[in-house]
Structure formats: structure tokens, C-alpha cells
Ligand SMILES: [Ca+2]
Ligand SMILES: [Ca+2]
Ligand SMILES: [Ca+2]
């Protein structure tokens, strides 16, 4: 009942629309394996004013469940966050609301961090996490809404869907310890052997994969990605060689060895 009262009181504002520039609510994406946890961020971009709250109803396959909804970096302590899930056949709906009578958010960034439990029965492939496109209630906007600073006006906005891609397990044809789907996702092919550190962040590609598999975040709370520099200090971190990439040091040595063998 609590969520319905909140939704009704907050979302009546969504009936009116204004000509404000359009911020965008976006669901993040992730890649994981079945029977694991995966975190997606609900973020906002193209902000140009102060906002007092928002609601959204997300839809995703019922083989996944949201087990935690936490405030993102944009929401201060006074924000009330509430959610309720309902499963309808093969799809689950999650109604979310976050508002504060005193604080606002006014810059681009993360609003909520959602932990998805990906069931062992989830098929491999892409699973869309989408914003609802129809109202569940005739009198209020249950799809999604963003309010202005004092909650009196609903702001025109856009939404971008996200999703979770579930990789096949036991899919490592080149026997380098890294799932082939994960390699192709990040590198485009299977040419990497795990020892390189292409993003020069102190974690080898294999270590990035292991940390990713363990749902581990780096010290900046960012997911591991072999193409994006992660914060130093996480599991497996090793100070990168001074003067730049290990590759820069190794390639001349490899080249000279090749030449010597010719
Ligand atoms: Ca592989
Ligand atoms: Ca790296
Ligand atoms: Ca990285």
C-alpha cells in the first residue's frame, strides 16, 4: 500500500508537461553469467535544472530479480526510495520512486544502483531492462516521470533502456581462462591471452575478467573493464611499469628475439 500512496501523490504531477529541455533517464548495461549478481545504474543525463524526484516502472524477465535498490551518487540522505515488484507471467515489473522534500539533484550522474540476481534458469543472450511504455493505472503516470524542484511540475524527458547480457559458461575455446564472449565483447576477437594490460591500469586482462566474474568493484566502486582504466588498489592490482605500458617495454624485446631467430 505504501508505494501506491506514494506513486499516486507524486505522479499526479505527471499529467502536465512543460517545454523544458529534455533530460534522459537511462538504465545501464552489464554482462554476466547465469546464477550471479549484476549491478545496473539508473542514471540521468542532459540535466539543466534542479529536480525533486522521479519514478519509473521497469520491466525485465522474471528469471531475474532486483534484490537491492540503493541511492546513487546524486541522491542525498534525505531522499526516500521505495520500490515494489510484481511478476506477471514471464515478465517482472518493478515500480520505483525516489523523492525528497528538501534536497534536489541537478547534475548528470547515477540516481539509483540496482542489484539484479540473475537466476540459474536465465538463458544466455541479451535480456532487456526497459522502461514501461503503458500506464498501469489510468489516472496517473506509472511509466516514468521526473518532477521539478518542488514537485509541482512534471518535466518532459526521454528514456533509454538497458539490459543484462548473459554469457555462456564454459565457453573458452582458446583456453586462456577468459570467457570467449567476454573477450569478443571487449576486444572484438580472441587475440588477447590474458597477460596484457591494454588500459594500463595495473590489472591484466585475465585479472579484470576474474574480478568481473566475482562481481567485484574497484576502489572507486566501478565495475572492472579491460578497456577502461580502473582505480588502483583492487584485487590483483600491480603497479604498472614506470614509463608506460609493459607492452612498450616488451615489444622491442620480442621483436629482437624474433629477428635473432631468423
Ligand atoms: Ca577465451
Ligand atoms: Ca587492465
Ligand atoms: Ca580496467
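The values are calculated or read from the model by the stated rules, or taken from the named source; none is laboratory data. In this text, all values refer to a predicted model and were calculated from it rather than measured experimentally. Glycine also receives a Cβ, built like all others from the backbone with ideal geometry; neighbour counts cover every protein chain displayed.
Just give me the residues in the stretch 162-172 being in contact with a strand residue (DSSP E or B) (Cβ under 8 Å, 6 or more places away or on another chain) and surrounded by 16 or more Cβ atoms within 10 Å (Cβ to Cβ), in sequence order.
162, 163, 164, 165, 166, 167
Which condition from (1) modelled with pLDDT under 95; (2) crowded, with 21+ Cβ neighbours inside 10 Å is the one that residue 208 breaks?
Answer for residue 208: the failing condition is (1).
Taking the condition of being surrounded by 18 or more Cβ atoms within 10 Å (Cβ to Cβ) and either within 16 Å of ligand 2 (Cβ to nearest atom) or part of a loop (DSSP other than H, G, I, E, B) (or both), how many residues in the stretch 177-195 meet it?
Within the stretch 177-195, the subset surrounded by 18 or more Cβ atoms within 10 Å (Cβ to Cβ) is 178-179, 181-183, 186, 192.
Filter again for either within 16 Å of ligand 2 (Cβ to nearest atom) or part of a loop (DSSP other than H, G, I, E, B) (or both), leaving 178-179, 182-183, 186, 192.
Matching residues across the stretch 177-195 total 6.
Taking the options 148, 175, name whichever one is out of contact with any strand residue (DSSP E or B) (no Cβ under 6 Å at 6 or more places or on another chain) and outside the structural domain of residue 35 (by TED's automatic domain parsing). Write out each step before concluding.
Values: 148 fails: outside the structural domain of residue 35 (by TED's automatic domain parsing).
Among 148, 175, only 175 is out of contact with any strand residue (DSSP E or B) (no Cβ under 6 Å at 6 or more places or on another chain) and outside the structural domain of residue 35 (by TED's automatic domain parsing).
Listed here are the residues, each with its yes/no results for (1) modelled with pLDDT under 95; (2) surrounded by fewer than 20 Cβ atoms within 10 Å (Cβ to Cβ); (3) farther than 15 Å from residue 26 by Cα.
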site	(1), (2), (3)
66	no, yes, yes
74	no, no, no
79	no, no, yes
106	no, yes, yes
112	no, no, no
158	no, yes, no
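State which residue pairs qualify: first residue free of Cβ contacts under 8 Å to residues at least 24 places away in the same chain and inside the stretch 42-53, second residue crowded, with 19+ Cβ neighbours inside 10 Å and outside any strand (DSSP E or B) in any location, beta carbons under 7 Å apart, and separation of 6 or more residues or different chains.
none
Could you list all residues from the stretch 201-228 that are part of a loop (DSSP other than H, G, I, E, B), within 9 Å of ligand 3 (Cβ to nearest atom), under 20 Å from residue 176 (Cα atoms) and more than 15 Å from the chain's Cα centre (by Cα)?
Initially, the stretch 201-228 is screened for residues part of a loop (DSSP other than H, G, I, E, B), giving 201-204, 214-216, 218-222, 224-228.
This time we only want the ones that are within 9 Å of ligand 3 (Cβ to nearest atom), so: 201-203, 218, 222, 224-228.
In the following step, the residues that additionally are under 20 Å from residue 176 (Cα atoms) were identified as 202-203, 224-227.
Of everything in the stretch 201-228, those that are part of a loop (DSSP other than H, G, I, E, B), within 9 Å of ligand 3 (Cβ to nearest atom), under 20 Å from residue 176 (Cα atoms) and more than 15 Å from the chain's Cα centre (by Cα) turn out to be 202, 203, 226, 227.
Anything in the stretch 150-173 that is assigned to a loop (DSSP other than H, G, I, E, B) and farther than 21 Å from residue 32 by Cβ? List them, or say none.
Residues satisfying the conditions are 150, 151, 152, 153, 155, 156, 157.
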